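> For reference, the structure I am asking about is given below.
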Amino acid sequence: MKMLRRKKPCAAGKEGEGINDLASLPMYGVCRVTGVDECAVRPRLEGLGITEGAEIVALFSAPSGDPTAYSVRGAVVALRRSDAERIRVRGSAAWE
């Protein structure tokens, strides 16, 4: 079994600080997409509007913590943690 290394938790801070991937975004945090890793689900993610420059807000998660619902371009999208880890983001100062 492959062991996954947990990333350090981050806080939504100033633009460009602390957030590496969408899965590390805290609830109600705001970020901007900087890219999507090459993977089998990339076309699906792009079809949902998750493209470079898109603003994403973490809305809520299931009681088990997975999946998490995000607001993307006016739509609510639920993503598994494994898919959210493939989306590269940076913090956004939109709500400061």
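All of the numbers you see were taken from the coordinates with simple rules; none came from a lab. All values derive from a computational prediction rather than experimental measurement. So basically every Cβ, Gly included, is an ideal-geometry build from the backbone, and we count neighbours across all protein chains shown.
> For the stretch 17-81, which trypsin sites (Lys or Arg not before Pro) are in a loop by DSSP, counting at most 16 other Cβ atoms within 10 Å?
Values: sites: 32, 44, 73, 80, 81; in loops: 73, 80.
Here the sparse-neighbourhood loop sites are 73, 80.
> Taking the Cα centre of the stretch 22-91 as origin, work out the dipole magnitude from +1 charges on Lys and Arg Cβ and -1 charges on Asp and Glu Cβ, in debye rounded to 20.
Values: 9 positive and 8 negative charges, 12 e Å.
About 60 debye.
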